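First the structure, in the form of structure tokens, and then the observations on it.
Each value in this text was obtained by applying a stated rule to the coordinates, not by laboratory testing. Everything numeric in this text was worked out from a predicted model, so none of it was measured. Glycine gets a Cβ as well: all are built from the backbone with ideal geometry, and neighbour counts include every protein chain shown.
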2 protein chains.
Amino acid sequence: MKFNPILDTLQTYEAGKPIELVVRDFGLSADSIIKLASNENPLGASPKVIQALKENAHLAHLYPDDSYYALKESLSSHYGVLTQEIIIGAGSDQIIEFCIHAKAPSKVLMAKTTFAMYEIYSKSVGAKIIKTPSDSHNLQEFLEIYKLHNPEVIFLCVPNNPLGECLDKTEVFNFLEQISKDTLVILDGAYQEYAAAKDKNKEIKPKELIERFPNCIYLGTFSKAYGLGGMRVGYGIAKQEIISHLLKIRPPFNITTLSLCAAITALEDKEHIEKTLQNNFLQMQLYEDFANQNGIRFIPSFTNFITYFLDKTDSNALSEYLLQRGIIIRNLKSYGLNAVRITIGTPSQNQRLFNIFKEFLKASV
Amino acid sequence: MKFNPILDTLQTYEAGKPIELVVRDFGLSADSIIKLASNENPLGASPKVIQALKENAHLAHLYPDDSYYALKESLSSHYGVLTQEIIIGAGSDQIIEFCIHAKAPSKVLMAKTTFAMYEIYSKSVGAKIIKTPSDSHNLQEFLEIYKLHNPEVIFLCVPNNPLGECLDKTEVFNFLEQISKDTLVILDGAYQEYAAAKDKNKEIKPKELIERFPNCIYLGTFSKAYGLGGMRVGYGIAKQEIISHLLKIRPPFNITTLSLCAAITALEDKEHIEKTLQNNFLQMQLYEDFANQNGIRFIPSFTNFITYFLDKTDSNALSEYLLQRGIIIRNLKSYGLNAVRITIGTPSQNQRLFNIFKEFLKASV
């Protein structure tokens, strides 16, 4: 059978190993496994969300309100934007997909090392991918390539996954001043809650962004700080001209009834977010200390993970060593880096990782 | 800003009105509203599913096992196919989307009155839509048009939504014998559980289908008989050549962690399915009686809904009359039919509908 020839050019996204797989492959018990591979919230979902899920479980047979009225109202008051400036997706991933299909770009510009789905979705419409030479975001490089190649879509990941670095708002806005209003700039703020908590200079407010730059779309997610990775809810915020086009592509009922309920409840629980951010940066400090004590290079991170560059050892060997002992981290070898990305966990999870990591370092001397 | 010109040709799917909207628009209380518009299971999800959802609510922060290993194992043993012959989607809708993107057809053939998403997804890749002259499936018409136009994709909805009629397995297989192995035939079995329970001649077993016709894909869903409309889980079953191509398009984590758990549990609860089917056809008889008593035409239905053709009254007037009294049904005016589609509800829901329907008929004499 003949298929769309574009499929031949597509690679499949390699997700962080799920606990279930490690249980199967290594015969470990699920309870003993620590997953620090997918930047999930180690504190879990808010207790209020878990309660709401239990109370609404009996609605599983009913399709959600496909207008997502209540969630859009909540996001609208949270960000001070119009409900018509919001689109809901099955994770912010799906908003990326909508953007790419809506623009059908021939060229897309992104950082060399950034979220893999940008490239995967862009290739699915046959776009040429142009990457900056530097791994992390270098806006001077972005600008030079932009002027030379005129891509119709630009991705900025602020802060950047999987490296953790973060552009300042001022830098971003100065860059955007120089971009044509016909170029769609996708500003992925999946980890913005963390960046904004660590350094106000990093905070990008969707309202200000889209008012000043009507060619931009801000992506947010409930998967990270809001602790709903498993529920698949994200959103895009942009001026109505963009949102109305994306809505034409959105399939009906693209999030579940329980996801809708979880997201609305999560947004209300400020206390859980506060706790999440506090744990994250207290524990991040321990990861920085551990790196410094062991001669490991890292980029200061504005997210809920830290990326270690391994000069003296191999990331495959480290990942495998940890995996066999029930700790899942993200090997960045597939990004061409001898590095690992580790999600900041709970104090006890992190302590166990440090202990086993030390064993590994000792064993590999 | 310039967008993909295909967007100008797209219409948005009009979902059945959610209860929330009727609450807002008519000031009715949510409890007093009966929704018979979206073919959800009126008995709800299985009690075992609801229990499982409650017990797993605390996993909302964890991404699902993206291989969907456990669900594929369950479906594999349920249908006697290989796990590699299965793909999981956010509803079977999403499998339709994967198929259309994977084939990128220039022409698509379907019945005149069938599931609206076939046309919407096909148009999203710029395909020309060819429909049979008859509203319901007429395979002679399909064959003639197929020979004339050579479409790369054919949709068969067995049984058909929104009309409820159902082709015999033998008819379908005889038709498929005459279709080129390079044409992808999408056999949508969203309501197959109902059809198979009513008449064994209608039952299409995915294993037999794909063994005999490797150019076919069978679509199944957990949204109807399995009572998980709100959880968005469907699947496609086809030979590996087709599935491997569709997998290249599937975004990671396309169903939620709780949806995965719900689907696995639902598939195991044979008793709930039994109850669901029994209620459906006992109550369907009352809908047929009501129609006969009131001179309303209908097509015998092999699904969990019945479509009434209104010769003497107007479907807009009826839908509005019921809506104002808290009963939501599906007006088929947008399909060009003066007809309504009513989901078979619980005994008390159906009784209330009959009473108000009678009032309407009396008032409109």
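Observations, loosely collected:
- Dividing the summed helix terms, -39500 (n - 2.57) for each DSSP H run of n ≥ 4, by the number of residues in chain B produces a 222 nm estimate of -13000 deg cm²/dmol to the nearest 500.
- Rounded to the nearest whole angstrom, the semi-axes of the ellipsoid equivalent to segment B:47-268, taken from the Cα gyration tensor as √(5λ), stand at 30, 18, 16, largest first.
- Prolate/oblate/rounded label for segment B:1-135 (Cα gyration tensor, a/c 1.5): oblate
- Unit charges at the beta carbon, dipole of segment B:47-268: most positive-side option, B:Gly227, B:Leu59, B:Gly126: B:Gly126
- Restraint check, B:Lys48/B:Lys72; A:Lys112/A:Lys200; A:Lys48/A:Lys224; B:Lys103/B:Lys128; B:Lys72/B:Lys205; A:Lys72/A:Lys207, Cα-Cα greater than 21 Å: A:Lys112/A:Lys200
- Dimensions (Å) - the protein assembly as shown, Cα atoms, principal axes, largest first: 84, 50, 50
- The spread of Cα positions in segment B:123-234, taken along each principal axis and listed from longest to shortest, comes to 40, 32, 27 Å.
- Distance-filtered residues of segment B:306-346 - backbone nitrogen under 12 Å, label point 7 angstrom along B:Glu359 Cα→Cβ: B:321-327
- Top positive-direction residue, dipole computed over the protein assembly as shown with Cβ charges, set A:Pro151, B:Asn215, A:Ile249: A:Pro151
- Looking at segment B:296-331, none of the chymotrypsin sites (Phe, Trp or Tyr not before Pro) sits in a DSSP loop with at most 12 other Cβ atoms within 10 Å of its own Cβ.
- Considering only A:Val233, A:Val22, A:Val340, the Gaussian network model of chain A with Cα springs below 10 Å gives its largest mean-square fluctuation to A:Val22.
- Sorted from shortest to longest, the distances between the A:Lys112 label points of this copy and the other copies are 6.2 nm, with each point 7 Å from Cα along the line through the beta carbon.
- Whole-number D in µm² s⁻¹ for segment A:1-81, Kirkwood Cα-pair radius fed into Stokes-Einstein, 20 °C, 1.002 mPa s: 120 µm²/s
- The simple Förster model, with R0 at 30 Å and r as the Cβ-Cβ distance, assigns B:Lys147 and B:Glu241 a FRET efficiency of 0.75.
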